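J.: My questions all concern the structure below.
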Ligand SMILES: NC(=O)c1ccc[n+]([C@@H]2O[C@H](COP(=O)([O-])OP(=O)(O)OC[C@H]3O[C@@H](n4cnc5c(N)ncnc54)[C@H](OP(=O)(O)O)[C@@H]3O)[C@@H](O)[C@H]2O)c1
């Protein structure tokens, strides 16, 4: 059985070691809850944890949208989810998180459907890819964090007016590692030490999980983050092969904590928490609970994604050393940023 959720505040004994997997706590079809008519979006719903999350939500009778970048994979995934859940209400909408324009187009397509939104699962992620996003951000961070930031931000109003809604960030226990954010690396091609950028991207998701409850005060929207465990998924060849090496847990089990966050009545009013693969609260490091730091990241993210109407720092000076304009303005100059803001707000 899934252990009941226990918050850190209420627990004297605390949680087990991160990554400590106790098979007996997992059940594959958790929970037998019916969420008829709830509308959900699962990013990266065509593979691994996201695919199994989508199956779980479809089994609970939700209307599920998987958001993925490959049409062929998405079509196969939709068939798989429909067949394994006996729920025809499963659809695909195109989303490439490594392009902020694609995120905006996804949101436009979803909003055009005039449906409510009750569950947003920010699951998609990359681990060891190298490069930059369409707008010139570091690829891992730009995909795992910034794309999800914009997606969530643009869907906030919809989540607020949909009654009771939940946002779930699929983070990682590696988010507990960074002691700082290397701002300058966020606008360059992925360095050799990609792990640092992966960990920072997940830390940023935790900081967003910290900031959003303040932004969503007096609404019925909750936001929590999960670490799915070490999962035999497609995120790298090693993770895929780990099944044959007898390591890690299946994607079904990896989806348990996300499904718990999405469905459990126990978490109805719980917000701003980070749960492990057994749905136990993970204590956050100081950096992830720093309110000022979370606010700074929020404001920078608004600027980077063109959602900040007022451009606070003039971005005219090109910095040769970092190869960027201004403090954290990337390759976008003032005119380009204004243009992005106008496109969004007018
Ligand atoms: N596996 C683990 O042990 C582990 C541990 C901790 C955290 N996590 C997190 O769990 C989440 C799910 O990963 P997974 O292990 O299930 O890996 P996975 O099987 O590789 O799934 C990742 C999903 O993200 C999608 N994706 C990647 N880049 C994208 C983009 N630019 N736009 C849209 N979708 C994109 C992938 O689509 P494509 O199929 O097109 O590539 C895929 O559907 C990730 O956030 C990962 O960081 C995993």
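J.: In whole Å, what is the distance between the alpha-carbon centres of region 101-124 and region 37-85?
T.: Computed from Cα coordinates, the inter-centre distance equals 14 Å.
J.: So what is the diffusion coefficient of region 137-293 in µm² per second by Stokes-Einstein at 25 °C and 0.890 mPa s, using a Kirkwood Rh over Cα pairs?
T.: In µm²/s, the coefficient is 150.
J.: In nm, what is the difference between 0.36 nm times the number of residues separating residue 236 and residue 188 and their Cα-Cα distance?
T.: Net length gain for the segment: 15.0 nm.
J.: What ranking, highest mean first, results for peptides 283-296, 250-263 when packing means the other Cβ atoms within 10 Å averaged over each residue?
T.: Going by the mean number of other Cβ atoms within 10 Å, highest first, we get 250-263, 283-296.
J.: Then there's this: Under a point spin-label approximation (7 Å from Cα along Cα-to-Cβ), what is the residue 164-residue 101 distance to one decimal in nm?
T.: 4.1 nm
J.: Please give the residues of region 202-220, grouped as numeric ranges, whose backbone N is less than 14 Å from a label point set 7 Å along the Cα-to-Cβ vector of residue 269.
T.: 218-220
J.: What spacing in nm lies between the two simple spin-label points modelled at residue 89 and residue 220, each 7 Å away from Cα in the Cβ direction?
T.: About 1.7 nm, to one decimal.
J.: If contacts are Cα pairs under 8 angstrom and at least 6 residues apart, what is the relative contact order of region 33-141 in percent?
T.: Relative CO of region 33-141 lands at 28 percent.
J.: Roughly how compact is region 83-167, stated as its Cα Rg over 2.2 N^0.38 Å to two decimals?
T.: Region 83-167 yields a ratio of 1.19.
J.: Quickly work out the residue 245-to-residue 289 label distance, labels modelled 7 Å from Cα along the C-beta direction, and quote it in nm with one decimal.
T.: Distance between the two pseudo-spin positions: 3.4 nm.
Rule-based calculations on the coordinates, nothing more; no lab input. Quick caveat: nothing in here was measured; it's all calculated off a predicted structure. Positions of Cβ are generated from backbone atoms using ideal geometry, with glycine treated the same way; all protein chains shown enter the neighbour counts.
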